[in-house]
Each structure stands twice: as C-alpha cells, then as structure tokens.
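Chemist: One structure follows; several queries about it will come next.
The values are calculated or read from the model by the stated rules, or taken from the named source; none is laboratory data. Please read all numbers here as calculations on a predicted model, not as lab measurements. Cβ sites come from the backbone with ideal geometry, for glycine too, and all protein chains shown count toward neighbours.
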There are 2 protein chains.
Amino acid sequence: MKKYNVAVLGATGAVGREMIRALEERAFPVERLLPLASARSAGKKISFRGAEAEVREAQPDAFAGMDIVLGAVDSARARELAPHITAAGAVFIDNSSAFRMEPEVPLVVPEINGADALAHKGIIANPNCSTIIAMVALAPIAELSPIKTVVASTYQAVSGAGQEGLTELEEQLSALAKGEPAPAGKVFPCRIAGNVVPYIGKYKENMFTDEEMKMQNEGRRILHLPELRVSCTCVRVPVMRSHSISLSVVTERDVSPEEAMEAISRGAGCAVAPFDGRDFPTPLDSSEQDLVMVGRVRRGLCHENELCLWCCGDQLRKGAAVNAVQIAEILARA
Amino acid sequence: MKKYNVAVLGATGAVGREMIRALEERAFPVERLLPLASARSAGKKISFRGAEAEVREAQPDAFAGMDIVLGAVDSARARELAPHITAAGAVFIDNSSAFRMEPEVPLVVPEINGADALAHKGIIANPNCSTIIAMVALAPIAELSPIKTVVASTYQAVSGAGQEGLTELEEQLSALAKGEPAPAGKVFPCRIAGNVVPYIGKYKENMFTDEEMKMQNEGRRILHLPELRVSCTCVRVPVMRSHSISLSVVTERDVSPEEAMEAISRGAGCAVAPFDGRDFPTPLDSSEQDLVMVGRVRRGLCHENELCLWCCGDQLRKGAAVNAVQIAEILARA
C-alpha cells in the first residue's frame with residue numbers, strides 16, 4: 001500500500017491538532033508527518049503514533065517532498081502558501097474559505113460528493129463547519145427530492161472560533177463562578193458566557209454575514225443544487241464543542257418525516273435516535289465523535305413539502321479535521 | 001383615582017416576584033397587595049413599597065375582597081382556583097396556559113391587542129413568554145402587511161423554567177468550574193450547562209411540542225391572523241435570563257427591511273439598534289428591562305416577501321410579569 005508524506009499546516013491550532021488526531025485514529029497511510037505552524041510554535045513536539053514530530057515554520061519552501069498538505073490556517077495565509085504547495089507537487093486540502101467558491105476547486109463532503117474530489121487541479125476545499133454538518137443531515141433528504149429552500153438557525157460552539165474562542169469562554173465562566181465580572185473578550189463581539197451572540201463573520205451587502213452565506217453558496221456546490229436558496233442566521237452559543245442547527249427545509253415533492261428519517265438512518269455519516277435514551281441529540285452527545293446526529297424530524301406547518309429537523313455535529317472533527325482527512329482518503333483510494 | 005386590591009398568586013416564584021416588582025415599578029394603583037403561595041411559603045414576608053406583606057396560603061377562600069388576581073401558578077392550579085377567583089368578583093389575569101385558547105378568554109399583549117382585554121368575562125390570559133416577545137417584534141410588520149408564515153427558532157433562558165431552572169444551571173456551572181462533573185438535572189431533560197437542548201414542553205401529535213405550537217396558536221389570536229402558520233423549534237440555552245428568537249417571516253405584500261425597521265422603531269414596546277454600540281441585541285442587553293430588542297432585519301433569500309430578523313426580550317418581565325401588569329393597567333384605565 002502506498003504511503004504518503006502529509007503536512008499539516010496550522011498544526012498547533014484547534015483544527016490542526018484534530019487533523020493529526022484524525023490521521024492517527026483513522027490509520028491514514030502516513031509515511032512522514034510534517035507539522036507546520038508559525039515561527040512562534042516552531043520546535044514544539046507533537047506526538048503522532050507513539051513518536052514525536054517536530055513543528056517547523058510554515059515557510060514557502062517547507063512543502064518539498066510532501067504528497068498531501070492539510071490546511072488549517074486562515075484564508076489569507078492559505079492563498080499565500082497555495083502556489084508553493086502545488087508547485088511542490090502536493091495536493092492542498094484546505095479548510096479555509098479561500099478557494100471554496102472557485103469553480104475549478106472541488107468543494108467536498110466525502111459522504112455526499114466525494115467523486116468531485118478526483119477532478120482537482122491541486123487544491124480541494126473543505127467546506128465551512130456548519131455547512132458540512134447541515135449538508136450531511138440534508139443530503140439523504142435531497143436524494144429523495146431536490147431541496148428548494150432551507151431556513152437555518154445555528155447554535156455554534158465557541159471552538160468554532162479556534163482555541164482563542166474556547167479560552168475566552170472558559171475565562172469568562174471562571175470569573176463569573178468566582179462572583180467576579182467576566183473579562184472583556186477579544187474573539188467575540190460581546191460577552192459569550194451566559195449569553196448568545198447573533199453575529200458571526202462580517203456583513204455582506206445583503207446584510208447576511210459571510211458565515212451565513214456559506215450555507216447557501218457552499219451548499220449549492222456540495223448538493224449539486226445550483227438554485228438552492230438558504231436564509232441562514234448564525235448564532236454563537238456558550239457551548240465548548242459541537243455546532244447545532246435548526247432547519248426548515250422545503251423539497252420539490254413531498255417527503256414524509258418517516259421517509260426522511262429512514263433515509264437519514266441509512267445515510268453515510270448520519271445517526272438518528274436514540275441518543276442517550278432521548279430522541280433528540282444535543283451538542284454534548286455529538287462531541288468527540290464523527291457522526292452528524294439528527295432528531296426532531298417533523299412536517300413543517302408553514303409550507304407545502306416542508307420538513308423541520310435538528311442536527312448536531314462536532315465542528316472540529318466532522319465539521320473540519322475529519323472531513324479533510326476523509327478527502328485525503330479518497331485521494332489515497334483513487 | 002381608584003385603587004385596587006391585588007393578589008399575586010404564586011408570589012414567591014420567579015414570575016410572581018417579578019409581578020410584585022412590576023406593580024411597584026410601574027406605580028400600579030394598589031390599595032392592598034396580597035401575596036399568595038403554597039402552604040410551604042405561607043408566613044414569609046415580601047417587601048412592597050417599603051412595607052412588608054405577609055404571604056398567605058392560596059386557598060379557595062383567599063380571594064374575598066380582591067379586585068385583580070395576577071396568576072403565576074401552573075395550569076392545573078390555575079384551573080382549580082379560577083372559579084373561586086371569579087366568584088369572589090375579581091378579574092383573573094392568568095399567566096398559565098390554562099385558558100389561552102378559550103374563545104371567550106381574551107389573550108392579550110397590550111401593545112398589540114389591548115382592546116381585546118375589555119371583552120373579558122372574568123379571566124384574561126397572558127400569552128406564552130416566547131410568543132409575547134416574538135409578537136411584539138412582529139406586530140409592527142404585520143401592520144404593514146399581514147404575515148402569512150413564520151419559521152422561528154428560539155434560544156430560551158433557563159429562568160423560563162422558573163427558579164428551579166436557574167438553580168439547575170447555576171449548580172451545574174459551579175460544579176464544572178471546580179472541575180467536578182455537573183450534577184444530573186431535574187428540570188431539563190439533560191445537562192444544560194455548556195449545552196443546548198432542543199426540547200421544551202411535551203410532544204403533540206404532530207411532533208411539535210406544546211411550547212412550539214403556542215407561537216402559532218397564540219400568535220393567531222394576538223395578531224388577529226387566524227390563518228397564520230408557524231413552524232417553531234424551541235431550544236433551551238445556558239442563559240440565565242431573556243429569550244431570543246431567530247425569525248423568518250413571509251408577508252402578503254413586500255415589506256422592505258427599511259420599512260420594517262422604521263415600523264419597529266415606532267412600535268410600542270420595541271427597540272432597534274444601537275445596543276451597547278452594536279446593531280444586534282443579545283439576551284444580556286435585554287435582561288432586567290421591558291423592551292423587546294430587534295436587530296438583524298434583512299430580506300430573506302428563500303421566499304418572496306421574506307424578512308429575517310432577531311429579537312430578544314426579558315421573558316420574566318415583558319414575557320410574563322410586566323405584560324400581566326400592563327393588562328391590569330388597561331382595566332384600571334377603562
């Protein structure tokens with residue numbers, strides 16, 4: 001079996017660490033692991049399969065000899081390094097939003113449109129975390145009947161904003177538990193402990209945020225539904241890990257809740273009830289594992305052919321790191 | 001000016017205490033305040049306008065001489081005591097769901113359908129907390145054009161489940177802050193600290209919960225829109241106070257976000273941005289005050305004539321106690 005030299009770009013961040021964990025847990029055929037990060041983290045040791053790998057600085061010349069680069073850095077850095085990665089002959093599986101809307105870059109959720117990955121020209125994009133979780137839940141329904149519209153409201157965990165988001169919530173909770181005022185945050189626009197914040201990303205001209213528009217724009221590419229329309233509201237909640245999404249979906253033909261549940265239960269990467277004896281999942285149920293958990297499937301009351309449902313998934317794992325490693329697995333199988 | 005003998009039924013609970021506070025803050029013309037509660041609380045003292053009122057047991061014969069009874073007890077208890085209240089000649093303003101759907105009982109949000117209160121036959125119902133908050137935000141839009149459909153996802157504070165809900169979250173947060181496991185809860189179906197729980201109330205036959213159906217069924221009566229359709233998902237979040245609701249609304253004719261914002265800013269009981277320098281409100285902004293705060297108003301992307309918006313309101317105050325006292329004010333003015 002062929003083995004691959006794999007670099008993880010942003011190896012010390014919340015998603016990068018999960019990528020290394022996923023490579024290990026899923027027994028990806030790694031010949032050599034190269035953890036790359038900023039100069040600040042260079043020299044740190046990261047354990048991988050019982051050995052230690054030294055973190056190197058993510059310089060443009062760092063990619064020589066690599067077969068696959070898993071990217072967990074921001075869009076600006078991804079754009080800057082992408083030409084160097086592809087010039088070195090590696091495939092760049094990028095978790096940033098830099099390339100997601102470029103027509104020649106496949107945007108892939110392996111359970112849904114895995115075959116798209118094979119048409120890559122050196123870069124494959126990993127979708128937005130909430131989008132991955134919602135689409136894994138919706139794809140089995142879309143197979144029964146094309147989806148026309150989705151109204152989505154998210155309940156997004158703080159670790160979606162990286163390690164800094166986690167730390168910000170932890171510090172605020174700790175202060176409040178001592179009866180002290182919560183320290184002002186840097187990551188979120190206002191206090192997140194004991195609060196919910198309906199603003200993630202930046203406003204676009206239509207007054208949806210860029211984060212909200214991803215559900216429609218990336219959803220279209222993943223589901224191969226170019227006319228899909230999504231009204232999304234992204235909300236940060238004081239949860240450490242796992243995003244949840246409340247969905248109202250209108251399909252072209254009628255799909256009963258029973259049909260939908262049956263399809264979801266057969267769907268790749270999905271799970272339906274019971275969850276710890278309950279018939280709905282919560283973020284705690286779905287944390288630290290790779291399935292998108294779905295519950296509350298019922299006929300909507302607003303529109304013909306409307307279904308309402310609720311889903312939860314670990315946005316650091318299936319919503320980011322695991323999805324990227326699954327894409328690498330497609331390449332390894334090809 | 002006429003003064004009223006006012007009893008508060010359930011005076012020691014989360015909503016009852018807010019009712020007494022609202023009577024005081026709003027300078028309702030109280031001749032005598034009678035706090036009523038269970039036998040367990042009888043004898044406790046409650047301060048009101050600098051004096052102390054002794055809590056009495058809520059026996060059927062407790063209402064003699066009362067003009068108005070504000071009810072903050074559960075539906076079963078409200079049904080049991082209602083005949084005794086009306087037989088004593090008092091008007092029963094009931095915060096439970098016992099009478100909300102009875103055609104001869106007005107269901108009133110004073111800013112919206114205050115005149116309905118005057119047609120009472122001894123009982124006036126206070127709507128569900130999330131419903132009040134959503135309807136205060138939606139009524140100015142409904143005045144511009146009738147609302148056809150609403151897709152709502154709620155972010156409901158733990159104090160919506162009363163003092164026990166607050167205590168349950170506080171105890172869980174306190175244990176987690178010490179590095180101990182969160183104690184199992186009694187009020188919520190699973191851990192609420194660091195989690196969100198998409199199940200409030202009990203399932204109806206259509207697999208919406210009774211809590212979720214209130215938004216449609218009570219909304220129809222409040223807005224005088226008997227055909228209104230609402231797909232609601234009610235979710236508990238680890239917030240102490242103030243409910244938030246993400247809304248997608250379809251109106252009969254087109255309403256621009258600018259028109260909607262202008263109407264909401266003029267609307268009774270509403271506020272629009274800025275909130276602490278931001279253009280969206282959070283539960284912390286809207287706690288301990290009486291306005292429903294509205295933000296994120298924008299054109300939806302799914303349907304013709306769709307608006308998306310976000311609102312927050314203190315569910316113990318405007319969502320319960322203050323709304324009930326405002327109804328009493330209508331009676332006092334009549």
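Chemist: Say whether the condition of being in contact with an Asp or Glu (Cβ under 8 Å, 6 or more places away or on another chain) and surrounded by fewer than 24 Cβ atoms within 10 Å (Cβ to Cβ) is met by at least one residue in the stretch A:302-320.
Modeler: The answer is yes; a qualifying residue exists.
Chemist: Can you spot a residue in the stretch B:246-263 that is under 30 Å from A:S244 (Cα atoms), at pLDDT 95 or above and touching a Pro at 6+ places or on another chain (Cβ under 6 Å)?
Modeler: no
Chemist: Moving on. Looking at (1) among the hydroxyl-bearing types (S, T, Y); (2) away from every other protein chain (no Cβ under 13 Å); (3) touching a Ser or Thr at 6+ places or on another chain (Cβ under 9 Å), which one does A:T149 not meet, given that it meets all the others?
Modeler: Of everything listed in (1) among the hydroxyl-bearing types (S, T, Y); (2) away from every other protein chain (no Cβ under 13 Å); (3) touching a Ser or Thr at 6+ places or on another chain (Cβ under 9 Å), A:T149 misses just condition (2).
Chemist: Then there is this: Can you pull out every residue in the stretch A:109-125 that is in contact with a strand residue (DSSP E or B) (Cβ under 6 Å, 6 or more places away or on another chain) and not small (G, A, S)?
Modeler: Across the stretch A:109-125, the qualifying residues are A:I123, A:I124.
Chemist: Here is a check on your reading of the model: is A:K186 at pLDDT below 95, farther than 30 Å from A:E259 by Cβ and away from chain B (no Cβ under 14 Å)? If you could, list the steps in order and put the result at the bottom.
Modeler: Working: at pLDDT below 95: yes; farther than 30 Å from A:E259 by Cβ: yes; away from chain B (no Cβ under 14 Å): yes.
Considered against the rule, which asks whether it is at pLDDT below 95, farther than 30 Å from A:E259 by Cβ and away from chain B (no Cβ under 14 Å), A:K186 comes out as yes.
Chemist: Here are some residues: B:Q163, B:Q156. Which one is within 24 Å of B:L291 (Cα to Cα) and within 12 Å of another protein chain (Cβ to nearest Cβ)?
Modeler: Testing whether each residue is within 24 Å of B:L291 (Cα to Cα) and within 12 Å of another protein chain (Cβ to nearest Cβ) leaves just B:Q156.
Chemist: Taking only the stretch B:151-177 into account, find how many residues are closer than 20 Å to B:A320 by Cα, among the β-branched types (V, I, T) and buried (at least 24 other Cβ atoms within 10 Å of the Cβ).
Modeler: So the count comes out to 2.
Chemist: Follow-up question, since we're still on this one. Among (1) within 24 Å of A:R317 (Cβ to Cβ); (2) crowded, with 20+ Cβ neighbours inside 10 Å, there is one condition A:S75 misses while meeting the rest; what is its number?
Modeler: Just one mismatch for A:S75, condition (2).
Chemist: If you don't mind, there's one more thing I want to ask. Give the residues of the stretch A:259-277 that are in contact with a strand residue (DSSP E or B) (Cβ under 8 Å, 6 or more places away or on another chain), within 14 Å of chain B (Cβ to nearest Cβ) and either surrounded by fewer than 18 Cβ atoms within 10 Å (Cβ to Cβ) or more than 17 Å from A:C308 (Cβ to Cβ) (or both), sorted by residue number.
Modeler: A:A273, A:F275
Chemist: Also, I was wondering about something else. Could you check A:V197 against (1) in contact (Cβ under 8 Å) with a residue 60 or more places away in the chain; (2) out of contact with any helix residue (DSSP H, G or I) (no Cβ under 9 Å at 6 or more places or on another chain); (3) closer than 22 Å to B:S286 by Cβ and say which number it fails?
Modeler: Result: A:V197 passes all but (1).
Chemist: Then there's this: Determine whether the stretch B:217-229 contains at least one residue that is facing chain A (nearest Cβ under 10 Å), at pLDDT 95 or above, under 25 Å from B:E102 (Cβ atoms) and buried (at least 21 other Cβ atoms within 10 Å of the Cβ). Before you say what the answer is, go through the steps one by one.
Modeler: Narrowing the stretch B:217-229 to residues facing chain A (nearest Cβ under 10 Å): B:228-229.
Retained after the next criterion (residues that are at pLDDT 95 or above): B:228-229.
With under 25 Å from B:E102 (Cβ atoms) added as a condition, the list becomes B:228-229.
The next check asks that each one be buried (at least 21 other Cβ atoms within 10 Å of the Cβ); those that pass are B:228.
Within the stretch B:217-229, one or more residues are facing chain A (nearest Cβ under 10 Å), at pLDDT 95 or above, under 25 Å from B:E102 (Cβ atoms) and buried (at least 21 other Cβ atoms within 10 Å of the Cβ).
Chemist: Hey, another quick one. Enumerate the pairs (first residue in the stretch B:245-267 and without any contact (Cβ under 8 Å) to a residue 12 or more places away in the chain; second residue anywhere and β-branched (V, I, T)) with beta-carbon separation below 6 Å, excluding pairs fewer than 6 apart on the same chain, so at least 6 apart or on different chains.
Modeler: Listed by first residue and then by second, the contacts come to B:S265/B:V272.
Chemist: Still on this model: Give the residue, chosen from B:V250, B:V255, B:V297, that is touching a His at 6+ places or on another chain (Cβ under 8 Å), hydrophobic (A, V, I, L, M, F, W, C) and under 21 Å from A:V230 (Cα atoms).
Modeler: Values: B:V255 fails: touching a His at 6+ places or on another chain (Cβ under 8 Å); B:V297 fails: touching a His at 6+ places or on another chain (Cβ under 8 Å).
After ruling out the rest, the residue left standing is B:V250.
Chemist: Is one or more of the residues making up the stretch A:118-131 within 14 Å of chain B (Cβ to nearest Cβ) and in contact (Cβ under 8 Å) with a residue 60 or more places away in the chain?
Modeler: yes
Chemist: Among (1) within 16 Å of the chain's Cα centre (by Cα); (2) without any contact (Cβ under 8 Å) to a residue 40 or more places away in the chain, which single condition is A:P281 missing?
Modeler: Single failed check for A:P281: (1).
Chemist: Consider B:A184 carefully, then state whether it is aliphatic (A, V, I, L, M), exposed (fewer than 15 other Cβ atoms within 10 Å of the Cβ) and out of contact with any Pro (no Cβ under 7 Å at 6 or more places or on another chain).
Modeler: Considered against the rule, which asks whether it is aliphatic (A, V, I, L, M), exposed (fewer than 15 other Cβ atoms within 10 Å of the Cβ) and out of contact with any Pro (no Cβ under 7 Å at 6 or more places or on another chain), B:A184 comes out as yes.
Chemist: Collect the residues in the stretch B:1-17 that are closer than 14 Å to B:V73 by Cβ and not in a loop (DSSP other than H, G, I, E, B), keeping them in residue-number order.
Modeler: Of everything in the stretch B:1-17, those that are closer than 14 Å to B:V73 by Cβ and not in a loop (DSSP other than H, G, I, E, B) turn out to be B:A7, B:V8, B:L9, B:A14, B:V15, B:G16, B:R17.
Chemist: Same structure again: Being in contact with a Lys or Arg (Cβ under 6 Å, 6 or more places away or on another chain), facing chain B (nearest Cβ under 9 Å) and either in contact (Cβ under 8 Å) with a residue 40 or more places away in the chain or of a type in the set (F, W, Y) (or both), is that true of even one residue in the stretch A:233-242?
Modeler: No, the stretch A:233-242 contains no residue that is in contact with a Lys or Arg (Cβ under 6 Å, 6 or more places away or on another chain), facing chain B (nearest Cβ under 9 Å) and either in contact (Cβ under 8 Å) with a residue 40 or more places away in the chain or of a type in the set (F, W, Y) (or both).
Chemist: Now, a different point. Scan the stretch A:18-63 for residues that are charged (D, E, K, R), in contact with a helix residue (DSSP H, G or I) (Cβ under 8 Å, 6 or more places away or on another chain) and surrounded by 15 or more Cβ atoms within 10 Å (Cβ to Cβ) and jot them down.
Modeler: Applying the first criterion (charged (D, E, K, R)) to the stretch A:18-63 yields A:18, A:21, A:24-26, A:31-32, A:40, A:44-45, A:49, A:52, A:54, A:56-57, A:61.
Filter once more, so that each one left must be in contact with a helix residue (DSSP H, G or I) (Cβ under 8 Å, 6 or more places away or on another chain): A:18, A:21, A:26, A:49, A:56-57, A:61.
Of everything in the stretch A:18-63, those that are charged (D, E, K, R), in contact with a helix residue (DSSP H, G or I) (Cβ under 8 Å, 6 or more places away or on another chain) and surrounded by 15 or more Cβ atoms within 10 Å (Cβ to Cβ) turn out to be A:E18, A:R21, A:R56.
Chemist: Restricting attention to the stretch A:124-148, which residues are in a strand (DSSP E or B) and either aromatic (F, W, Y) or surrounded by fewer than 24 Cβ atoms within 10 Å (Cβ to Cβ) (or both)?
Modeler: Of everything in the stretch A:124-148, just one residue is in a strand (DSSP E or B) and either aromatic (F, W, Y) or surrounded by fewer than 24 Cβ atoms within 10 Å (Cβ to Cβ) (or both), namely A:K148.
Chemist: Taking into account only those residues within the stretch A:196-216 that are of a type outside the set (A, V, I, L, M) and exposed (fewer than 15 other Cβ atoms within 10 Å of the Cβ), which is nearest to A:L173 (Cα to Cα)?
Modeler: Taking the stretch A:196-216 and keeping what is of a type outside the set (A, V, I, L, M), we get A:198-199, A:201-206, A:208-212, A:214, A:216.
Retained after the next criterion (residues that are exposed (fewer than 15 other Cβ atoms within 10 Å of the Cβ)): A:202-206.
On the way: A:K202: 26, A:Y203: 29, A:K204: 32, A:E205: 35, A:N206: 35 Å.
Taking the candidates together, the pick is A:K202.
Chemist: When residues of the stretch A:19-39 are filtered for being in a helix (DSSP H, G or I), out of contact with any strand residue (DSSP E or B) (no Cβ under 8 Å at 6 or more places or on another chain) and not acidic (D, E), how many remain? Steps first, please.
Modeler: Taking the stretch A:19-39 and keeping what is in a helix (DSSP H, G or I), we get A:19-25, A:39.
So of that shortlist, the ones also out of contact with any strand residue (DSSP E or B) (no Cβ under 8 Å at 6 or more places or on another chain) come out as A:21-22, A:25.
Applying the additional criterion that residues be not acidic (D, E) yields A:21-22.
The number of residues fulfilling the criteria is 2.
Chemist: Kindly indicate whether any position in the stretch B:292-314 is without any contact (Cβ under 8 Å) to a residue 24 or more places away in the chain, of a type outside the set (A, V, I, L, M) and either under 14 Å from B:I132 (Cβ atoms) or away from chain A (no Cβ under 12 Å) (or both).
Modeler: no
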